[in-house]
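Below is a structure I'd like to ask you about.
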């Protein structure tokens, strides 16, 4: 975990943003940034220096729909000491939340054709069999 931001309303914590290190390789990231060998030592070092993953956003249900979350996420990203923040959203096609927060939609992570979940697969595999998350990037260069 790199950093955690908490949104307070008086004495109550009503939101949280969690930032962490990104995965070593992601096809859409490589395409977006023009990376040729994303798993090489220098590329991984540069990645960890210049890019964080917005891993989790949680907002208390009372505050959802009030326009608070997008501003909170944008400000948290602006406070990160890196020029780029990325995130993945399972709901990105249905709800453009990250776009309202200032992220650029790069694309959808498609599952390879023919990839099947085994009949005795884990519950996680069964639940995610239709998931194709949207990949977003936030430019934080000043």
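What is the one condition in (1) touching a helix residue (DSSP H, G or I) at 6+ places or on another chain (Cβ under 8 Å); (2) without any contact (Cβ under 8 Å) to a residue 60 or more places away in the chain; (3) over 15 Å from residue 136 (Cα atoms) that residue 5 does not satisfy?
Condition (2) is where residue 5 drops out.
Follow-up question, since we're still on this one. Which pairs do you get when a residue that is free of Cβ contacts under 8 Å to residues at least 24 places away in the same chain, found in segment 36-54, comes within reach of a residue that is outside any helix (DSSP H, G or I) and loosely packed, with under 14 Cβ neighbours inside 10 Å, reach meaning Cβ atoms under 8 angstrom, with the pair 6+ apart or on two chains?
What qualifies is 38/24; 39/24; 43/37; 44/24.
Can I ask one more? For segment 72-95, what are the residues that are closer than 19 Å to residue 140 by Cα and in a loop (DSSP other than H, G, I, E, B)?
79, 80, 81, 82, 83
Quick check on my filter: what residues within segment 92-125 are at pLDDT below 85 and under 13 Å from the mean Cα position of the chain (by Cα)?
92
Now a separate question. With the structure loaded, tell me whether residue 69 is over 15 Å from residue 136 (Cα atoms), touching a strand residue (DSSP E or B) at 6+ places or on another chain (Cβ under 7 Å) and in a helix (DSSP H, G or I) or whether it fails that test.
Numbers: over 15 Å from residue 136 (Cα atoms): yes; touching a strand residue (DSSP E or B) at 6+ places or on another chain (Cβ under 7 Å): yes; in a helix (DSSP H, G or I): yes.
Yes, satisfied.
Tell me, yes or no, whether segment 26-48 has at least one residue that is in a strand (DSSP E or B) and surrounded by 17 or more Cβ atoms within 10 Å (Cβ to Cβ).
Applying the first criterion (in a strand (DSSP E or B)) to segment 26-48 yields none.
Looking for residues that are in a strand (DSSP E or B) and surrounded by 17 or more Cβ atoms within 10 Å (Cβ to Cβ), one finds none in segment 26-48, hence no.
Among the candidates 7, 53, single out the residue that is under 25 Å from residue 109 (Cα atoms), outside any loop (DSSP other than H, G, I, E, B) and touching a strand residue (DSSP E or B) at 6+ places or on another chain (Cβ under 7 Å).
Values: 7 fails: under 25 Å from residue 109 (Cα atoms).
None of the others qualify; the one that does is 53.
The values are calculated or read from the model by the stated rules, or taken from the named source; none is laboratory data. Because the structure is predicted, anything quoted here is derived from the model rather than measured. So basically every Cβ, Gly included, is an ideal-geometry build from the backbone, and we count neighbours across all protein chains shown.
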